[in-house]
Amino acid sequence: MTALPSLRDQRSLERASLKHRLAEKGVDRVLWLLVPGAVFVVLLFVYPFLYGLQLSFQPKGGGNPFQNYITFFSDEYSAETVWITLRLGLPAALFNVLASIPIAFRMRGRFRGKRALTTLLVVPITLGTVLTAEGLLAFFGPTGWFNRIWIALGADEPAKLTHNYWGVLFSLVITGFPFAFLLTLSYLSGIDPTLEQAAATLGASKRQRFRTITMPLLAPGLAVTFCLSFVLAFSVFPSAVMVGNPAGETHVMSIAAYETALRDNDFAMGSAIAMLMALVMLIVIGVVLIWRTTLYRGATGGKG
Amino acid sequence: MAGQRFAELHLDHVRRVFGDTVALKGMDLTIKGGEFVALLGPSGCGKSTALNCLAGLLPLTGGRITLDGRRIDDLPPEKRGFGMVFQNYALFPHMSVRRNVGFGLSMRKTPRAELTRRVDEAVRLVQLEEHQHKFPAQLSGGQQQRVAIARAIVLEPPLVLMDEPLSNLDAALRLEMRTEIRRLHQSLGLTTVYVTHDQEEALALADRLVVLRLGEVQQVGSPEEVYAHPVNRYVAGFMGYRNMIPVTVTAQDDERATVRADGVELVGVKSEEVADSAVAAVRPEDFAVVTEAGENTLDATVEIVEYHGREQAVEARLRDGTQLHVRTNSRLAPGDAIRLRVPVERVLVFS
């Protein structure tokens, strides 16, 4: 004789199956762990962003909601900041990415002193912009080491490398390179080294191997590295003030936004400039990522 | 398609050291054009090191490699022109099957028409016509394997190197691809060096086997020689299962040794001078279950019987406690007292 399951048993069976049914639909209790993170993002990113966005459509003097944007582009001094910032951010990001390729390429294998060299390359991350700027001022300044050697070598006057475009560019390279290098190194380590060996046994020279195997597999990673490096460089602020010429040559967008909002007390206009900054970055990133979709982005056969 | 033949590839005391470990202790080997040679041994025996040295992927620590008298060990891999099939296939993930196969040809700036023709031929040879426009990630393991082989042989290299190419495949596919590799070798006649740890694979494929252990060559010979006449205890144990019965040598001449095992006299063959305390190596299938007493017989008690279809795998024990594995057609049951006879030439006595 078979005993019928009691009501309690049946209920517990149903409970178990509910969890199962939810799991089938991709709902999992573990997902609750995402809540703190989601709250954090909403409070500290989404809300301030949307607040700034709506604020930018409420110009100080009222009237046309697009007035801030019209003002920005009709004033040559402010409109020029877009070009000034791009002129710093794009070359800095490009240089950091390109320079990190050969160095990361050399740093893949195992060799004596690798850790010391990696540390040396990564240390600038820990320095902070202010320290870097001070170092730059001391080294590249009119009486700094660089110019003393420069004069000693027979130059007529010290090279002007601080308080202008070049000072800021150097600063962006020094602080941005370690990021680009670390990212490139990790992408490069993810490429299975036997692929290059296979290409070698098939007759490909070093250069052909780099061009046909390494580069195509690395390019999607380089695109991402470029985007991150660019965002980092585009939002330059402290070094543009300290080693740049914040009123002229390096009057970047972040300075314009800061001055408008906190010096001129026009928060709406400041927000508009910040929104435009985000827009320019999104356009550049968008273009790079669209190019990236044309590349092979699957597995690279590595273990990393 | 036929490989550019060479007469003789010669490895002359090839040594390779990694830090403190000697991976290859002076390997001497001559490979003749058209041969299929298997380097066989457990992991760490130096077989892959030897292959990488041949391919040029590892520089030698010492010794030299010559191809028809021309020294090649100082050439980089791209100048040697040997085809290689890697254990993980190492297919270029961003290229279609056709571009993978044609890679070597395009590196050599082969004219387009010829490239197309030769890629077509290679793809047909490994039966991948319907997959030729796919990418490696869309292929099964066996298909990837075929691409790797096609990519290596499309250049008609003088030497094809294969590094455990079947180890990532499942059992059924492994058998199928094994036959395929043998078929390709027979039809193209490409000289092949094949690295494996699987003695069955090596026996099935190779014309000649090189058994390695701890960086040293143990034996070189045809599959039959190595299988039936191992030169030492290590090769005997490695080439298929053998019972290792501890024995005391009572007499020996140039070819034979008389030994005592379990209180009984056995006569066996030997290939080296043996010490008084030795082992007799006997394959499970070389025992015959007999009823009458006679020469070369051992008495044992059946302990475990496994049914394997046509035959039974029997685990028996001698009176002194030595375990024996026996394969027999006789139907036995645990507890049976049996008498096992083994022919003199199947008892191999080693130190």
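Residue check: is A:Val284 more than 14 Å from every other protein chain (Cβ to nearest Cβ), touching a Leu at 6+ places or on another chain (Cβ under 8 Å) and surrounded by 21 or more Cβ atoms within 10 Å (Cβ to Cβ)? No.
Applying the criterion of at least 3 residues that are basic (Lys, Arg) and out of contact with any Cys (no Cβ under 9 Å at 6 or more places or on another chain) to the helices (runs of 4 or more DSSP H) found wholly in the range B:40-126 leaves B:112-125. Figure legend. Inter-residue proximity from the range B:37-50: first residues farther than 20 Å from B:Ala204 by Cα, second residues charged (D, E, K, R), beta-carbon distance below 6 Å, spacing 6+ or different chains. Indicated pairs: B:Cys45/B:Arg213; B:Thr49/B:Arg16. The lone criterion from (1) farther than 28 Å from B:Pro42 by Cβ; (2) in contact with a His (Cβ under 7 Å, 6 or more places away or on another chain); (3) hydroxyl-bearing (Ser, Thr, Tyr) left unmet by B:Thr258 is number (2).
Within the range A:279-304, the residues that satisfy the criterion of being modelled with pLDDT under 95 and either in a loop (DSSP other than H, G, I, E, B) or closer than 20 Å to A:Ile70 by Cα (or both) are A:Thr294, A:Leu295, A:Tyr296, A:Arg297, A:Gly298, A:Ala299, A:Thr300, A:Gly302, A:Lys303, A:Gly304. Check the range A:252-259 and report whether any residue there is within 19 Å of A:Glu76 (Cβ to Cβ), of a type outside the set (D, E, K, R), surrounded by fewer than 17 Cβ atoms within 10 Å (Cβ to Cβ) and out of contact with any strand residue (DSSP E or B) (no Cβ under 8 Å at 6 or more places or on another chain). Checked against the condition, which is being within 19 Å of A:Glu76 (Cβ to Cβ), of a type outside the set (D, E, K, R), surrounded by fewer than 17 Cβ atoms within 10 Å (Cβ to Cβ) and out of contact with any strand residue (DSSP E or B) (no Cβ under 8 Å at 6 or more places or on another chain), the range A:252-259 yields no hits at all. If you check B:Gly56, B:Gly69 for being at positive phi and either surrounded by fewer than 19 Cβ atoms within 10 Å (Cβ to Cβ) or away from every other protein chain (no Cβ under 14 Å) (or both), only one passes: B:Gly69. For the range B:281-306, the set of residues classified as in contact with a Pro (Cβ under 8 Å, 6 or more places away or on another chain) and touching a residue at least 40 places away in the same chain (Cβ under 8 Å) consists of B:Ala281, B:Asp286, B:Asn296, listed by residue number. If you go through the range B:326-340 and pick out every residue that is surrounded by 18 or more Cβ atoms within 10 Å (Cβ to Cβ) and within 30 Å of the chain's Cα centre (by Cα), you end up with 2.
Among the candidates B:Leu155, B:Leu115, the residue that is closer than 19 Å to A:Ala199 by Cα, modelled with pLDDT of 90 or more, crowded, with 24+ Cβ neighbours inside 10 Å and within 14 Å of chain A (Cβ to nearest Cβ) is uniquely B:Leu155. Among helices (runs of 4 or more DSSP H) entirely within the range A:151-258, having at least 3 residues that are away from chain B (no Cβ under 14 Å) singles out A:165-189, A:215-234, A:238-242, A:253-258. Being assigned to a helix (DSSP H, G or I), more than 15 Å from A:Pro178 (Cα to Cα), in contact with a helix residue (DSSP H, G or I) (Cβ under 9 Å, 6 or more places away or on another chain) and not hydroxyl-bearing (Ser, Thr, Tyr) is a property that A:Ala99 lacks.
Within the span defined as the range A:276-297, every residue fails to be over 30 Å from B:Gly104 (Cα atoms) and more than 20 Å from the chain's Cα centre (by Cα). Total residues in the range A:56-70 satisfying the condition of being closer than 21 Å to A:Ile283 by Cβ and not small (Gly, Ala, Ser): the figure is 5.
Candidates are the residues of the range B:85-100 that are over 14 Å from B:Leu139 (Cα atoms) and in contact (Cβ under 8 Å) with a residue 24 or more places away in the chain; the one that is nearest to the other protein chains (Cβ to nearest Cβ) is B:Phe86.
For the range B:147-172, residues that are under 22 Å from B:Ile31 (Cα atoms) and outside any helix (DSSP H, G or I) total 12.
Once the range B:281-294 is narrowed to residues that are within 35 Å of the chain's Cα centre (by Cα) and assigned to a loop (DSSP other than H, G, I, E, B), the residue that is surrounded by the most Cβ atoms within 10 Å (Cβ to Cβ) is B:Phe287. Checked against (1) buried (at least 20 other Cβ atoms within 10 Å of the Cβ); (2) within 14 Å of another protein chain (Cβ to nearest Cβ), A:Arg297 meets all criteria but (1). With a requirement of 3 or more residues that are free of Cβ contacts under 8 Å to residues at least 40 places away in the same chain and under 24 Å from B:Leu324 (Cβ atoms), the strands (runs of 3 or more DSSP E) lying completely within the range B:219-273 that satisfy it span B:243-252.
When you look at A:Leu161, is it buried (at least 21 other Cβ atoms within 10 Å of the Cβ) and touching a Pro at 6+ places or on another chain (Cβ under 7 Å), yes or no? So A:Leu161 does not fit the description; no.
Given (1) more than 14 Å from chain A (Cβ to nearest Cβ); (2) closer than 17 Å to B:Leu11 by Cα; (3) of a type in the set (A, V, I, L, M, F, W, C), identify the lone condition not met by B:Phe82. Single failed check for B:Phe82: (1).
For the range B:18-55, the set of residues classified as under 27 Å from B:Ser222 (Cα atoms) and among the small types (Gly, Ala, Ser) consists of B:Ala23, B:Gly26, B:Gly33, B:Gly34, B:Ala38, B:Gly41, B:Ser43, B:Gly44, B:Gly46, B:Ser48, B:Ala50, B:Ala55, listed by residue number.
The values are calculated or read from the model by the stated rules, or taken from the named source; none is laboratory data. Worth saying up front: this structure is predicted, and the values here are computed from it rather than measured. Methodologically, a virtual Cβ is constructed for each residue, glycine included, from the backbone with ideal geometry; neighbour enumeration extends over all protein chains shown.
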